[in-house]
1. Which condition from (1) buried (at least 21 other Cβ atoms within 10 Å of the Cβ); (2) assigned by TED's automatic domain parsing to the domain that holds Leu124; (3) closer than 27 Å to Ala190 by Cα; (4) hydroxyl-bearing (Ser, Thr, Tyr) is the one that Ser282 breaks?
2. Does Ala111 qualify as being within 23 Å of Val255 (Cα to Cα) and crowded, with 18+ Cβ neighbours inside 10 Å?
3. Considering only residues that are in contact (Cβ under 8 Å) with a residue 40 or more places away in the chain and either part of a loop (DSSP other than H, G, I, E, B) or touching an Asp or Glu at 6+ places or on another chain (Cβ under 7 Å) (or both), which ones fall in segment 43-70?
4. Among the residues of segment 257-273, are any in a helix (DSSP H, G or I) and touching a helix residue (DSSP H, G or I) at 6+ places or on another chain (Cβ under 9 Å)?
5. Every residue in segment 1-45 that is surrounded by fewer than 17 Cβ atoms within 10 Å (Cβ to Cβ), on the phi > 0 side of the Ramachandran plot and at pLDDT 95 or above, please.
6. Has segment 295-315 got at least one residue that is part of a helix (DSSP H, G or I) and closer than 25 Å to Asp42 by Cβ?
7. Which count do you get for residues in segment 95-139 that are assigned to a strand (DSSP E or B) and basic (Lys, Arg)?
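The values are calculated or read from the model by the stated rules, or taken from the named source; none is laboratory data. Being a predicted model, the structure only gives us computed values, none of them experimental. Glycine also receives a Cβ, built like all others from the backbone with ideal geometry; neighbour counts cover every protein chain displayed.
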Amino acid sequence: MKIKTDITVVGAGPGGTTAARLLADGGLEVILVERKNEIGKDIRCAEGIDLPTVDQVVGKIPENLISWPIDRIFIDYADQRISLNAPGHGVILERYLFDKYLAQLAAKAGAQIMLECEINEVNLKDHKWFLSGNYQHQKISIESKAVIAADGVDSLIGKMAGINTSLNPRDVYSCAEIKGDISGREEEGALLISLDEKLFTGGYAWSFPKAGGLANIGLGIRGDAGGKCAKDRLEIWLNEKFMGVPRLSYLVGAVPAKKMEAISTEGMMLIGDAARLADPISGGGIGPALTSAQLAAEVMIKLWHKNELDKTYKYDDAWWNGEGKQLEQRLFLRNIYIANDKKLLKPVFEWGMKNLDGKHIDEFSADEMLLGLIKAVPVLFKMASSIVPTLMKMVFK
């Protein structure tokens, strides 16, 4: 089976479906391929996202796609808890429905969706991409002038195209998560972040609330943490914090935390987890997937009409000078934290108890928090001479 198209999008997660929709809206012929037999199936995600990002990229979404609004946030360390009010900032999605909704929008825009289509070879010849694989038990070959790779953290498309997508253990969070019923507990309906420099090495544990008293309960640790794996550490935390909670599902996964040298090559752009564009601190991937998809589509359409698909590096430049700048700054801070978590966690949390507990999240900005911490925490103050100049270079480069 042979097909010709303008652009092929590989991967039908939030990034891929969004890119397909925007490219089709831009007048291009788009094929969206997905290796699974159902969009939204086997989601490896805690399902949280901030509403402004959804509004910006997708628009107002139907209420049935939102499982629970994030109104309260708890941050635990040892036997202490910081409580924050945060209405209107974020939601926990029903990803199973959300992904299908985005695919529906892509189809309405004119994108052709092909399920059970797995690409196992890509080649660039005469400025065209040739993608080969299997489509519903038959061989398929797609000739495409451009490609958007949105095939997630396990991405092979970029690698096959010659882009260095490799990850060292330190560049990854290893994650494990269950869905449990926490009805009647204090944490019901609240977003919980739990910190422990020994158990959650370089990461944290979470409980993300869902409707009906359910919650996504999991943790992420540094890939090079050593010792017990994420699954075993999750069991320890569940026995400490959520003893007796019924477990309705279980999953494991990985979250990338790395700035790649390139997120494009001639006629191809990588987005979302395929480009390692997850939040290095929170681990959130839906937001960066949506915003990178939006930018990739915008740049691709411009290059298409100028017949300049060999200049996809403009996507890299636009990303790292725009949305990606904040991710780069957060990656820098994440690496500082990882190198000093045993020194930082306790004094930083104590500062939070004194200055943040009981407040609304809008009462302070990230800049105000950072400056307050540098002034109040001796370890951070000593490190400020190297941290601040580096951050300033990132901001004004």
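1. With respect to (1) buried (at least 21 other Cβ atoms within 10 Å of the Cβ); (2) assigned by TED's automatic domain parsing to the domain that holds Leu124; (3) closer than 27 Å to Ala190 by Cα; (4) hydroxyl-bearing (Ser, Thr, Tyr), Ser282 is out only on (1).
2. Numbers: within 23 Å of Val255 (Cα to Cα): no; crowded, with 18+ Cβ neighbours inside 10 Å: yes.
No: the conditions fail for Ala111.
3. Taking segment 43-70 first, the residues in contact (Cβ under 8 Å) with a residue 40 or more places away in the chain are 43-51, 53-54, 56-58, 61, 67-68, 70.
Correct list: Ile43, Arg44, Cys45, Ala46, Glu47, Val58, Ile61, Ser67.
4. Step one: filter segment 257-273 for residues in a helix (DSSP H, G or I), giving 272-273.
Still in the running and touching a helix residue (DSSP H, G or I) at 6+ places or on another chain (Cβ under 9 Å): 272-273.
Scanning segment 257-273, I find at least one residue that is in a helix (DSSP H, G or I) and touching a helix residue (DSSP H, G or I) at 6+ places or on another chain (Cβ under 9 Å), so the answer is yes.
5. Gly27
6. The first filter runs over segment 295-315 and keeps only residues part of a helix (DSSP H, G or I), leaving 295-305, 309-311, 313-315.
Filter once more, keeping what is closer than 25 Å to Asp42 by Cβ: 296.
Yes: segment 295-315 contains one or more residues that are part of a helix (DSSP H, G or I) and closer than 25 Å to Asp42 by Cβ.
7. 3
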